[in-house]
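Okay, so here's the structure we're looking at.
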Amino acid sequence: MNLSNEETPEGAVALFSIKQADGTIISRTVKRGAAYALTVDQALEATVQVQNGLPDQTAEVIFMYCDQNLIKAKEGNCCPPPLVCDDFSESLYIGEAQLFLTWESLFPVKGTLLFNFIASFDPTDNPSATIKVERFKKPTVVRNVPLKVSDSDNSDIPFVLAVDDIRKVTVTASEIAPFISRLIFNLCHQEKSAATCCDEPLKCENSLPYYQPAVPSQNIKIWESFIPVKGTFSIANEYDGTLTLNIDFFNEKTFERILGPGEGFAITAKEVKAITIRLTPLSTQFGYFYFQYCIQDIPLQKTCKASCCPKPLHCYFDFQSYNHPMDEILPLWISKIPVDGEIQFWIEGLPQQRTKVIIKRFGKPDIVKTIQGSKIFAVRTTDLEGVFVQLSNGTPENSISIVLCIQDQVPLNHVCCPEPVKCEFYSTYFFIPDLEYPLNKNIALWESTEPVKGTFSIFNDSQDGVEMTVKMSYKNGCFSTRTLKSEEGFIITDEGIISVSVRFTSENPEANRDLIFESCTQNILDPCKKDHCCPQPLLCQDIITETYDIRRNQNYLLWHTEFPAEAIMLFYLFDGESATIIIERYNKSTITETILMDKPITLAIDHIKNVFVKVNSESMTGSVAMELCMQEELPLKGDENQWPCKY
């Protein structure tokens with residue numbers, strides 16, 4: 001609960017109270033401009049009463065919560081799930097209260113706590129913030145965060161703290177300007193698991209830009225951990241000067257990387273203890289650095305619980321690096337541990353520029369791609385160790401964007417089941433404005449070193465009658481093709497796929513050529529010999545396609561799935577009077593529905609094989625869009641896995 005500075009009279013205080021099931025009332029007094037968070041159990045009611053104001057005055061109170069219903073532990077191996085609040089965040093302006101954030105927990109929690117201090121101050125003072133973490137059985141942690149890192153009168157300082165056994169957290173500041181200084185915080189936390197249950201890992205992720213003054217700065221510690229974690233961290237330098245990145249590990253090893261102007265870098269590792277940066281910008285230049293992370297703590301294995309299984313960490317991570325020098329081999333991402341997954345590349349440069357992309361793998365040959373000019377493509381593989389690039393025959397005006405969908409490898413015992421790596425990319429990840437695709441040339445969009453099952457959406461966004469032939473290749477040497485006219489698209493679901501490519505054809509060499517591509521893939525797990533391990537169905541939550549100018553009475557294939565699937569599908573007719581949706585099904589009767597212009601319909605259907613749309617005879621042509629959330633149907637015994645769909 002935050003008693004805001006705005007709309008709250010000076011001197012006012014708030015009484016923040018929580019009533020528990022046994023009648024106990026927990027109350028805390030909150031000053032104007034301060035916030036107080038309480039983590040409790042058995043909560044029934046939360047109330048606030050603002051005091052010390054005139055009868056005709058009002059106050060502004062900001063309230064947020066993260067809750068979970070209580071589940072009683074049952075006999076046997078059933079454990080109640082711990083409370084998880086992975087995005088408990090807020091921004092508050094710092095008022096006259098020196099103690100402006102307090103968080104108190106009545107039971108032990110662990111968390112990754114992000115504090116972003118955006119402060120203004122008198123440069124002759126020595127402004128600072130203090131973070132104090134009191135713990136139940138472990139030593140208290142106190143960290144002082146200097147806010148004056150240059151000769152400027154303002155700063156934007158992040159500090160992230162990973163810690164366990166949390167009882168109380170307080171944040172104070174001194175020598176800063178009230179009401180214009182503020183704090184952004186994110187308390188990603190989780191209740192400690194019961195002693196008789198497996199420790200559940202906590203995943204936390206965040207990203208923010210941080211603006212720093214122009215003059216050279218001191219070392220700034222932006223991350224510190226008191227618990228072992230694994231994850232991916234990235235930082236981007238948006239200055240004309242350099243940024244020096246230093247990483248300390250619990251094994252006392254260190255890592256350093258110096259980033260030039262515009263360069264970005266990511267690292268995947270475990271046992272990261274501290275991260276420190278140092279900025280050396282030019283004296284007249286202002287800029288920012290961009291820090292993001294996706295981490296998970298590494299719980300200690302309980303020797304008395306042989307059934308506890310380690311959980312892999314799955315991260316989506318995107319970052320950009322540009323203005324690379326020519327003829328140097330530059331690391332964009334390195335991993336200290338083997339990970340599996342998919343990497344999407346977005347390379348921009350002059351037509352004559354050559355970019356050599358080197359994907360390194362643990363114990364396996366490198367994957368090397370040489371790209372000329374600008375291109376987008378994706379590679380899926382296993383045992384990833386890093387990505388390096390070497391540019392030549394270009395200019396400093398170049399850019400490489402990378403999207404990582406990665407999952408670390410975890411050891412499995414006789415009771416643990418493997419988890420597939422699922423990657424779903426939308427069209428926003430796979431689009432470069434004004435990118436000119438060549439004519440009469442095979443263009444690889446997506447490749448994999450292992451066969452996968454997946455759903456792909458491809459749309460020919462070209463103009464002037466350009467046709468696009470889509471080719472899908474399979475591990476067994478077979479392939480399938482479909483030719484799309486301008487502004488036609490379709491979706492296909494299949495397994496055993498190892499590549500997707502396209503080829504544009506046109507009699508007009510100046511015709512516009514473009515495409516929209518979406519993918520949702522999952523590796524195919526080897527047949528499991530463990531009786532309790534079930535196959536994992538392909539799940540795709542948001543795949544979209546559209547098609548324009550379908551001729552009337554033509555059955556246009558929007559989606560084909562090579563195996564039975566269940567789906568929730570949203571259809572929208574935005575040109576034409578009406579159309580008929582035809583859904584053919586495996587071993588079940590066909591379903592038809594009529595859709596009218598500007599009146600979308602949603603259908604939930606199982607055993608899907610083909611989805612057609614037919615524009616009815618009252619219109620010459622029609623245009624339709626389809627959005628689907630689908631899951632593969634598996635011959636499972638007992639209840640099938642639930643599948644979430646969000647619209």
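The values are calculated or read from the model by the stated rules, or taken from the named source; none is laboratory data. On a predicted model such as this, the values are computed, not experimentally measured, just so you know. Using ideal geometry, Cβ is built from the backbone for each residue, glycine included, and neighbour counts are taken over all protein chains shown. Please note that ligands, DNA and RNA were not included when accessible areas were found on the heavy atoms of the full protein model with its side chains. Shrake-Rupley method; radii C 1.70, N 1.55, O 1.52, S 1.80 Å.
The residue among Leu38, Val61, Val48 whose Cα reaches farthest toward the positive pole of the charge dipole of segment 14-124, with charges on the beta-carbon of Lys, Arg, Asp and Glu, is Leu38.
The calculated FRET efficiency for Ser174 paired with Glu419, based on their beta-carbon distance and R0 = 56 Å, is about 0.70. The chymotrypsin sites (Phe, Trp or Tyr not before Pro) of segment 240-281 that DSSP puts in a loop, and whose beta carbon has at most 15 other beta carbons within 10 Å, are Phe250. The distance between label points at Ser152 and Thr196 comes to 5.6 nm (points 7 Å beyond Cα on the Cα→Cβ vector). Extending 7 Å from the Cα toward the beta-carbon at both Asp606 and Gln68 defines two label points whose distance is 3.1 nm. Run the accessible area of segment 429-521 with a 1.4 Å probe and give the carbon-and-sulfur part as a rounded percent. C and S fraction of accessible area: 45 percent.
Note on segment 429-521: with charges restricted to the Cβ of Lys and Arg (+1) and Asp and Glu (-1), its dipole about the Cα centre is near 440 debye.
Gyration tensor over the Cα atoms of the chain: the corresponding equivalent ellipsoid has semi-axes (square roots of 5 times the eigenvalues, largest first) of 46, 32, 27 Å. Scan segment 167-212 for chymotrypsin sites (Phe, Trp or Tyr not before Pro) in coil per DSSP, keeping those whose Cβ has at most 15 other Cβ atoms within 10 Å, and list them by number. Within segment 167-212, the qualifying chymotrypsin sites (Phe, Trp or Tyr not before Pro) (loop, at most 15 other Cβ atoms within 10 Å) are Phe179.
Cβ-Cβ distance of Ser589 and Cys533, R₀ of 25 Å, FRET efficiency by 1/(1 + (r/R0)^6): the value works out to about 0.15. The GluC sites (Glu not before Pro) found in segment 381-481 that occupy coil by DSSP, while having at most 16 further C-beta atoms within 10 Å, are Glu397, Glu436. Look at the dipole of segment 309-382 built from charges on Cβ: of His314, Pro338, Ile376, the Cα furthest out on the positive end belongs to Pro338.
Placing a label point 7 Å from the Cα of Glu507 along the Cα-to-Cβ direction, the residues of segment 437-478 whose backbone N falls under 14 Å of that point are 464-467.
Accessible area per residue, 1.4 Å probe, Å², for the chain: what's the number?
So the chain comes to 46 Å² accessible per residue, rounded to a whole number.
What's the carbon and sulfur percent of segment 536-634's accessible surface, probe 1.4 angstrom, rounded to a whole number? Its accessible area is 46 percent carbon and sulfur atoms. Farthest toward the dipole's positive end in the chain, which of Asn398, Ser506, Val613, given Cβ charges of +1 (Lys, Arg) and -1 (Asp, Glu) about the Cα centre? Farthest towards the positive end: Asn398.
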